[in-house]
Amino acid sequence: MTSDGKLTGIVVDLHERRMFSGVVEWHHGVITSITESPLPFAGPYIMPGFVDAHIHVESSMLVPREFARIAVTHGTVATVSDPHEIANVCGIEGVRYMIDDGASTPLKFAFGAPSCVPATTFETAGAEVTAADIHSLFQDERVRYLSEMMNWPGVLANDPLVAEKIAIAHACGRVVDGHAPGLLGEQAAVYASRGITTDHECSTLLEALDKIKVGMKILIREGSAARNFDALHPLLSSHPESVMLCSDDMHPDALVLGHINALVRRALALGYNIYDVLRAACVHPVTHYSLPVGLLRIGDPADMVVVEDINEMQVTQTWINGELVAERGSALWPYSTAAIVNNFQIEEIGLSDIAGDERVGGVRAIVAHDGELVTTQEIVDVNDPDVLKIVVVNRYQQAVPAVAYIKGLGLQRGALASTVAHDSHNIVAAGVSDHDILAAINALIRVKGGISVADGGACEVLPLPVAGLMSDAPYIDVARRYADLDALVKSMGSHLRAPFMTLSFMALLVIPSLKLSDKGLFDGSTFQFCDVHV
């Protein structure tokens, strides 16, 4: 490979909003000329590479170096990556682990400084990221922004610690990402007025329009669990300059099939203007976050993708800094082993630890909804066959597990468990029987993190030794093993598109309405604990 070269084809100019036959040339990885040809259109299309405007790499269950080997095959040249998952487990050193591991790849990772670690005081996390830590992280130019400010009540109340973190970001010349599900009207205006510039949590068009009205950029999210494309895609025509595309959280089996290119394909199939769509996928993240990513202009880094069919967006080549990094579905650098970091402090638990109070009668249950992070709550009979027990176990210190009930997972037998449990990443498990729940939990304690499925004495595990969030194995092995466990859960009755991803958000207290932390059942609408039994 060489950082000098040229490509001939149909140049897709997203700035002048036109296509033309031409030649793109570069020297030392920088574009030196784009020459229009008098010949008729011929050859493949040459375009800027795709950028995921908001993703937690940890949710792919892959370390950055392996995530990159999949992403580049789909034409992704950069990601805006929030490392708060590993920060909740390992603190600022976990963030630095992600930065250093990502730097070993051609893909341009733009990491953020986590703003809310721990996410709340109502759960036990493995670490804290302080305002001083954030200032320290911003001394590294690879840390490009303040990650999603999930403490929206603190923002609205102008909490001094929240205000200090935002002020540090602004003083260091960084933008601030938002996370404000459901905020409308005056609350949205106040939230934006604090200097918060984006939101990826809009689930309705009305909410998105309210936030655009006060100057925020809206990230249309389509991941493995949270899917808002169907609700928000009209923004691509009504407010195209205020939109970016993101995945937020993608499990490995989904990532193997497609990334931002798949969202572009869907938008084009709906008839949206190709330049509006591609600007959302390529241009807006680069300009908003001031990323060192080329946009197919003279003087830019030669970060480009080549596609044969402009509507299908199947990427045949990906170039980063003038180097060919992926061709026809394969990354052009090999798998390499990653270092292991973790924070896992507990021993196996017993059946009596999760037995709970099994009185007959009404209980307050979490109701999970497919494709949504938002849950509802319902008073149900504990003996309803669709009502399962859900357990959260503190993995950082030996403590009594929290026990509650959940509806909507659909299991008819067995249990599943995970140490991917946003945001503190304690162990979350749910199932039909206490014996299977216990087996699934203890299997993860033995391997110090992963996902598991227990069914009548048999237990299958995908170990995630890196912080209990990521595997150190090759991506294809992780994707296959995850797909096997996903299929196993579905064979046990779950109708959810991504049952492990859905389970992982049942401990995410900052998304309403009802969730379970290691400290108890929590009402995200009132921001306080509530009773299981009514």
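Each value in this text was obtained by applying a stated rule to the coordinates, not by laboratory testing. Note that the structure is a prediction, hence the values are computed from the model and not measured. Here the Cβ positions follow ideal geometry from the backbone for every residue, glycine too, while neighbour counts run over all protein chains shown.
Considering only Cα-Cα distances, which of the following residue pairs are longer than 18 Å: 407/490; 389/515; 448/490?
448/490, as the Cα separations exceed 18 Å there.
Apply 1/(1 + (r/R0)^6) to the Cβ-Cβ distance of residue 15 and residue 93, taking R0 = 45 Å, and write down the FRET efficiency to the nearest 0.05.
With R0 = 45 Å, the Cβ-Cβ based efficiency is 0.65.
Net charge within 14 Å of residue 239 by Cβ-Cβ distance, Lys/Arg positive one each and Asp/Glu negative one each, not counting residue 239 itself?
-1
I want the local charge near residue 484. Using Cβ-Cβ distances under 14 Å, sum +1 for each Lys or Arg and -1 for each Asp or Glu among the other residues.
-2
Over 5 Å intervals from 0, what percent of Cα-Cα pairs in segment 263-336 sits in each interval?
3, 14, 20, 23, 22, 14, 4, 1, 0
Based only on other Cβ atoms within 10 Å, what is the fewest-to-most ordering of 335, 482, 475? Please report the intermediate quantities before stating the final value.
Values: 335 14, 482 21, 475 24.
Lowest count first: 335, 482, 475.
Note down the relative contact order for segment 359-529 as a percent, whole number, built from C-alpha pairs under 8 angstrom at least six residues apart.
After rounding, I find 23 percent.
Divide the volume of the convex hull of the Cα atoms of the chain by its number of residues and quote the answer in cubic angstrom per residue.
Working: hull volume 70.6 nm³, N = 534.
Looking at the chain, the number lands at 132 Å³ per residue.
Using a simple charge model, +1 on the beta-carbon of Lys and Arg, -1 on the beta-carbon of Asp and Glu, nothing else, what dipole does segment 134-205 show about its Cα centre, in debye to the nearest 20?
On the way: 5 positive and 9 negative charges, 32 e Å.
It comes to approximately 160 debye.
For the chain, what is the percent of antiparallel DSSP beta bridges, rounded to the nearest 5?
Close to 70 percent.
How do 246, 459 line up, fewest other C-beta atoms within 10 Å first?
So the residues, fewest neighbours to most, are 459, 246.
Report the Cα centroid-to-centroid distance between segment 104-125 and segment 272-323 in angstrom, as an integer.
26
Antiparallel DSSP bridges in segment 359-529: what percent, to the nearest 5?
Around 95 percent antiparallel, to the nearest 5.
If you project the alpha carbons of segment 471-534 onto the principal axes, what extent comes out on each, in Å, largest first?
Extents along the principal axes: 43, 28, 17 Å.
Relative to the compact globular guide of 2.2 N^0.38 Å, what is the alpha carbon radius of gyration of segment 334-395, as a ratio?
1.71
Take the Cα atoms of segment 121-196, build their convex hull, and give its volume per residue in Å³.
In segment 121-196, the Cα convex hull volume per residue is 99 Å³.
Can you tell me the equivalent ellipsoid semi-axes for segment 359-529? Use √(5λ) from the Cα gyration tensor, largest first, whole Å.
Equivalent ellipsoid of segment 359-529: 24, 18, 15 Å, largest first.
So what's the Cα pair-distance distribution over segment 182-267, bin width 10 Å, in %?
So the P(r) values, bin by bin, are 18, 48, 26, 7, 0.
Only Lys, Arg, Asp and Glu count, each charged at its Cβ (+1, +1, -1, -1), so figure out the dipole size of the chain about its Cα centre, rounded to 20 debye.
On the way: 36 positive and 64 negative charges, 126 e Å.
So the magnitude is around 600 debye.
Loop-only check: which trypsin sites (Lys or Arg not before Pro) in segment 107-158 are DSSP coil with at most 16 other Cβ within 10 angstrom?
In loop regions of segment 107-158 (DSSP not H, G, I, E or B), the sparsely surrounded trypsin sites (Lys or Arg not before Pro) are 142.
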